Structures are given as C-alpha cells and as structure tokens.
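First up is the structure itself, then whatever we jot down about it.
Quick note: the coordinates plus some simple rules give every number you see, no bench work behind them. Owing to the predicted nature of the structure, the values given are computational and were not obtained by experimental measurement. Heads up, the Cβs are rebuilt from the backbone with ideal geometry, glycines too, and the neighbour counts pull from every protein chain shown.
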There are 2 protein chains.
Amino acid sequence: MSENTDPPRLLVLGGDPDAPGDVPPPDLDRLAGRARVRYVDEKSLADSLPTADALLVWDFASDAVRHAWPGPGPRPGWVHTASAGVDRLLACPELVASDTVITNARGIFDQPIAEYTAGLVLALAKDFHGSWELQRQRRWRHRETVRISGTHAIVVGSGPIGRAIGRTLLALGVEVELVGRRERDDDPEFEKVHAADSLHDLLPTADWVVCAAPLTPRTAGMFDAAAFSRMRRGARFVNVGRGAHVVQEDLVRALLSRHLGGAALDVFADEPLPADSPLWDVPGLLVSPHMSGDTVGWRDDLARQFRENFDRWAAGEPLLNVVDKQLGYVPDRSAR
Amino acid sequence: MSENTDPPRLLVLGGDPDAPGDVPPPDLDRLAGRARVRYVDEKSLADSLPTADALLVWDFASDAVRHAWPGPGPRPGWVHTASAGVDRLLACPELVASDTVITNARGIFDQPIAEYTAGLVLALAKDFHGSWELQRQRRWRHRETVRISGTHAIVVGSGPIGRAIGRTLLALGVEVELVGRRERDDDPEFEKVHAADSLHDLLPTADWVVCAAPLTPRTAGMFDAAAFSRMRRGARFVNVGRGAHVVQEDLVRALLSRHLGGAALDVFADEPLPADSPLWDVPGLLVSPHMSGDTVGWRDDLARQFRENFDRWAAGEPLLNVVDKQLGYVPDRSAR
C-alpha cells in the first residue's frame, strides 16, 4: 500500500517506546527515512494491518496475529517474527494460505539454547537441585552423581538449535543421536539423522532425551505416555522446544511413578505458567520461565537481524530465513 | 616386617566391612593369599602402624594418619590414598621426611570434576539457582542470562584435574588460561601455562576463576581479599580444590559487597560444613558437599587403581602416581 515516493509502512507489534513495560527493538530508529514505523498493540493490530507493507512481530509471545489476520482488506506482504518458532503465526490458516512471506530469527538462539540445555543436563546429572535444597536446610549429605561422558542423548530437532545442542553435548563426551523429520545419512556433522518415525525405537537407548523441535501438527504432543514409557527407567527429559510438544499430565505421571529420573521444562502449554499450575512442585521437575535462548544482548541481536532483512526487503533482494509455511520452519540448506 | 614366606601386611584405614556405615573398598578380597589385610579405624591405626608393610588410606577424609604416624617403631614403606589431594598426609612432617613412598588416586577424578565444574559455570551463567528459588515461590520471572561462549576463564591448577576442566570449558567455547606452579610455553594442549606468581595480573581478565590446585604451603589461602579485589566486578569464583585455598571470610565479603557476581564451593576448610556455618546462606554462594569427583562407580575405580599399584608393589615394580613430597603432588610427566 506504500506510494512510490513514500517509504514503506512498517508495523511493529509490541515494543512501543511509549508503553510502560514494553521493551522496544534496539536501534529501530536507524530505519528513519526508510520506513514509516508504527507501533501497535494486540488491540490496535487488526485495524492497522490493511495499511501495512510489513509487520515485525516483536512481541513474539503474543497470539494477536492469529486473531487479527483474518479480515477484509490487504495484508502486509512480509511478516518477520523475533523468534525461532513460528507456530503462533502458522496457527492462522489465512496467513498460511496467503502470499505473505514469513521470516524468523533463525540462528540467534542456537548457541544460547545449546548452553542452557547442556547446563540442564549437567544440573540433572550432578543433582545441583538436590544440593541447593540441602543447602537451604544446612545439611551436608554427600551423594554419588552421574558422569555424563559416555552417556547417550537423543536430540529431537535437527534444525540449527537441535544441531547446536547436539554439538555441545558431543563436546562434553555424550553420544548424540539427532532426530529430524526424515532420515538422512549424509549429515556433515552427525553422519546420520534419524526419522521422527523411528523415535520410539530409539528412546530405550537414551539416558537423555531433549526436545528442540519446531512445533508443527506432526510434532505436537509427541512426548506422551507412550513415548515416556519407551524411555529407560531413570532416564531424563528436557524440553526447550514448545510446551505443546509434551502431554504435560503424562510427563507428570512418568515422574511421579519414578519411571523417569528427572525432567526440566523451559516451555509450557500455558505461558506464563499460572501460579496454581501443578507443574511448579512435581518432584524431580525443574521449571524455568522460557528463557533458554535469552542471553544478555539477545534483543540487540534480534533487532540487528531484522534490520538486515529489512535492508534486503527494501532493496528487493531475497530475504533471509524464509519459513516454509508447509513444513513450519526454515528448511536447512545443508539438509537439502 | 613381613616374613619372607608370609604375604605382606596391608593396613586399610576405614572401609571395615564389619563397621556400620563404612563403605569397604570393592573387591579387595582379590588380594586374598597375597596380602594379610587388616582394617583399622582412627583409634587403632597408631598401634597397628609398626607391623604394617603398606597402608591404604581408604577413608581419605580422615586426619588419623597425621596424628598416628609420629611414634616409635617401624612404619609402612608405602602409603596409598584414595584421593587426588595428599595435603592431609603431607601435613605430617615425619611422614614427609621418611622414606615411605606415597601414591594417590591421580586420574580417577579428572573427568567427573571437569563436568561438575562446567555444570557449575553454566548454572551460575544461567542462574539455575534463581529459577529454582522462583519455582519454589511459583513465580514466573523471565531474566536474561549470560552466554558463556566467548567468556574468559582462569583455571588455577595445571595438573590432570585442572587440565580436564580447561579442556571441557574450551569445548564450550570459553577462552581458558591455565595457571600452574611455573610458567611454560610449550604446553601441548594449552600452549601457555601461566606461573602462579602472575595470577594477580591475570585475574582482572576473567569472567570465571576456578581453583583446582593441589593444596600446598604455596597455594593455601591464595584466594584472599587481595585476589578477589583483582577480579572483575560481577566475575564468579568456583572452588573444587581444597577449602584452605580460600580465605572464607574474604570470599563472603566479596559476595556481600556484590563485587563478585557469584561463587560455588564444593570444598571447605571444615568438612562436613557445620550446620551453624555462616556459609550456608550467603547470597550468591552455592554450597555442595565435596562431591564434585564422586560419580557412580568411583569406589570401584579407586579400588581397581589401588589393586593395580598393589600388584606392582608386590612384584617390586615401580609404583604409579608417586607423589613428590616436596611439591605436594604427582609431577605431570608432560610438564617435565
């Protein structure tokens, strides 16, 4: 809808500098003169969509796009989300069916999430949680812990986040099997990538199962009672993907029955996790508030990445990190 | 004192199979017929020493040897301790001055302690402790955490434990400087090893300072107010060496003043840490009960290592892991 002589209209969902509590995208003023930037919130999004050329979903935890997108009038031709997962956007069939190009924050979170996951694996292996609980009670109680070198991990998700996790665990001496959508045996780093279909055959071999998959109709609920029962007694589960990958009640049961030796969740079906959720105090379950990828400077990195794509878009060049709306993620070039 | 035809007399301090609470050395009965094994406790050690050919210090946390060693009569010619540190034995001048050979458990704890330390570094970087405190309160509070890749660590201790720690942190993308007794620039893995003399010059560069040194008169108290003040504001300290490396009050002050961003201690001047110690609840201080090296199977590994040395000793072959009683540790062949 931009006139030939006017700069394009960029809508930014969230991050309004004038809204208390919002954290604006750093250095967005660098687009001054090249974009007409307008901040919107969940309420004003719907009215603004028909006049926008592009939409930056800065508040990536919002479901507003899904609700606002269907409706009369034109829609932006490009939507960029400041997140790796695009499940909230793809939950809108009208957006999926449209010609609108979706790009994401692929790459920004890989190393941070890999570190966080390795930290959780080590924390579970070394029972840090138990030590700090004993510290609160001023009790000295020596225990034997698990050596992770030589143990076996299955990482579900063969995109850049899953690969970074796999690489980091490998560096710690853990044997790693990567699971992706389809099997391939020419992976440059991991040699073989297993097909999701074979997950249940693999699960009994694992000391650690890590979920770092994109959330799609194929992967939703994949960690259910059947999956947990395939896991070895005492094995541990870590989810840094999306809450909906896990059937939460099934995980709770697997922990309460002591079939699983422990679990750590950074993501939940409902976020923020309500104060009355039973998940807060399941024995053996570590809860953190969806922060595995958010290291100091992450917002700068996200804004820089968006500006780079904006420059390409304004110049008519191909965008980076274009999501395959059927697959539900940015296809890995190296996997093609 | 053994007769020519009788098997040698082996004294074992701690681990008496008939003593409640003691954990015996696994598979020591494999020495049947080749050693006359006698278990002693702290009280009976002194009386038994003159008639023993060798002493296995299985209860390595005991100070009994230091107290029992001085006295009349012969002494065992070989003492093996099931620990990496030999500071408790070398605290006995009569043992140091004697011809008795001391060997230790070099090698057993390297990888476990390296994993534990990497876990502590990640736990501090990702504020796991804060997340679990919030979990107890059923509060969802997102925070930004530290990316450890690209940060800078100083590991004090260039023996096998310090090297394993350094190697593991390097694998996580951390830049590592190793500090040993003397400088060398031909290290096969780390290129340069810095001299302990230059520690204060290095400290301001570190995000992480890890103590994994042997406890000797040179290293005792090396982490004092002067050292902590040289550290960068917000930097973190981890001790998996010995409690006496640290002037505990100085560390507490550096934490209370928020000069340090956090610390983790697995070792203490007084162990077990008394219930009334102020260290249990210093903000930012993580306490664990001297267990960094003790992964499942560690006692089997320790016993196997002792039996291997026993075979050598019985055959008159050179022992493995002979401690340099002047240096206070087993000199690293690769560092010679």
Under-5 Å amide H pairs with B:Glu177, H placed in peptide plane, nonlocal only: B:Ala153, B:Ile154, B:Val155
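Only four residue types carry charge here, +1 at the Cβ of Lys and Arg and -1 at the Cβ of Asp and Glu. Report the dipole size of segment A:110-287 about the Cα centre in Debye, rounded to the nearest 20.
Here the size comes out at about 680 debye.
Where the only charges are on Cβ atoms (+1 Lys, Arg; -1 Asp, Glu), what is the dipole of chain B about its Cα centre, to the nearest 20 debye? Each step should come with its number before you reach the end.
Working: 38 positive and 48 negative charges, 195 e Å.
With only Lys, Arg, Asp and Glu charged at Cβ, the dipole is about 940 debye.
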For A:280-287, mean number of other protein chain Cβ atoms within 10 Å: 3
Prolate/oblate/rounded label for chain A (Cα gyration tensor, a/c 1.5): prolate
Amide H within-cut-off set for B:Thr295, under 5 Å, with H built and near neighbours excluded: A:Thr145
Shape of segment B:1-109, Cα gyration tensor, a/c cut at 1.5: rounded
Overall form of segment A:1-63 per C-alpha gyration tensor (a/c, 1.5; a/b vs b/c): oblate
Which of A:Pro188, A:Val146, A:Leu256, positive extreme of dipole for chain A (C-beta unit charges): A:Val146
Extended-chain gain in nm, criterion 0.36 nm per residue less alpha-carbon gap, A:Val296 and A:Ser44: 87.7 nm
On Cα atoms only, tilt of A:110-125 relative to the major axis of chain A in degrees: 20
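Where does each of A:64-70, A:166-172 land if you order them by average Cβ count within 10 Å, highest first? Before the final figure, lay out each step's value.
Working: A:64-70: 18.4, A:166-172: 21.7.
Answer by packing, highest mean first, reads A:166-172, A:64-70.
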Amide proton proximity set for B:Arg9, modelled H, under 5 Å, gap of 5+: B:Ser2, B:Arg36, B:Asp53, B:Ala54
Counting DSSP beta bridges with both ends in chain B, the antiparallel % (nearest 5): 10
Between segment A:278-336 and segment B:58-80, the Cα center-to-center distance that results, in Å: 61
Neighbouring partner chain Cβ atoms per residue of A:166-177, average, 10 Å criterion: 2
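Would you mind counting up the charge near A:Pro112? Only other residues with Cβ under 12 Å from its Cβ, with Lys and Arg at +1 and Asp and Glu at -1.
Values: positive: B:Lys126, B:Arg147; negative: A:Asp110, A:Glu115, A:Asp266, A:Asp294, A:Asp301, B:Glu144.
So the environment of A:Pro112 carries a net charge of -4.
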Helix-only mean residue ellipticity at 222 nm for chain A, each DSSP H run of n ≥ 4 adding -39500 (n - 2.57), per residue, nearest 500: -7500 deg cm²/dmol
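Where Lys and Arg each count +1 and Asp and Glu each count -1, what net charge lies around A:Pro214 among other residues with Cβ under 15 Å from its Cβ? Working shown, then result.
Working: positive: A:Arg88, A:Arg106, A:Arg163, A:Arg181, A:Arg182, A:Arg218, A:Arg242, A:Lys325; negative: A:Asp87, A:Asp110, A:Asp324, A:Asp332.
With Lys, Arg at +1 and Asp, Glu at -1, the net is +4.
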Within 10 Å of each Cβ in B:123-133, the average number of Cβ atoms from other chains: 6
Modelled FRET efficiency - R0 30 Å, B:Ala91 with B:Glu191, Cβ distances, 0.05 increments: 0.30
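Going by how many other beta carbons lie within 10 Å of each one, how would you line up A:Ser44, B:Ser288, fewest first?
Ordered by Cβ neighbours within 10 Å, fewest first: A:Ser44, B:Ser288.
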Residue among B:Pro188, B:Pro25, B:Pro217 with the largest mean-square fluctuation in a Gaussian network model of chain B, springs linking Cα atoms under 10 Å: B:Pro188
Among beta bridges that DSSP assigns inside segment A:110-287, antiparallel share in %, nearest 5: 10
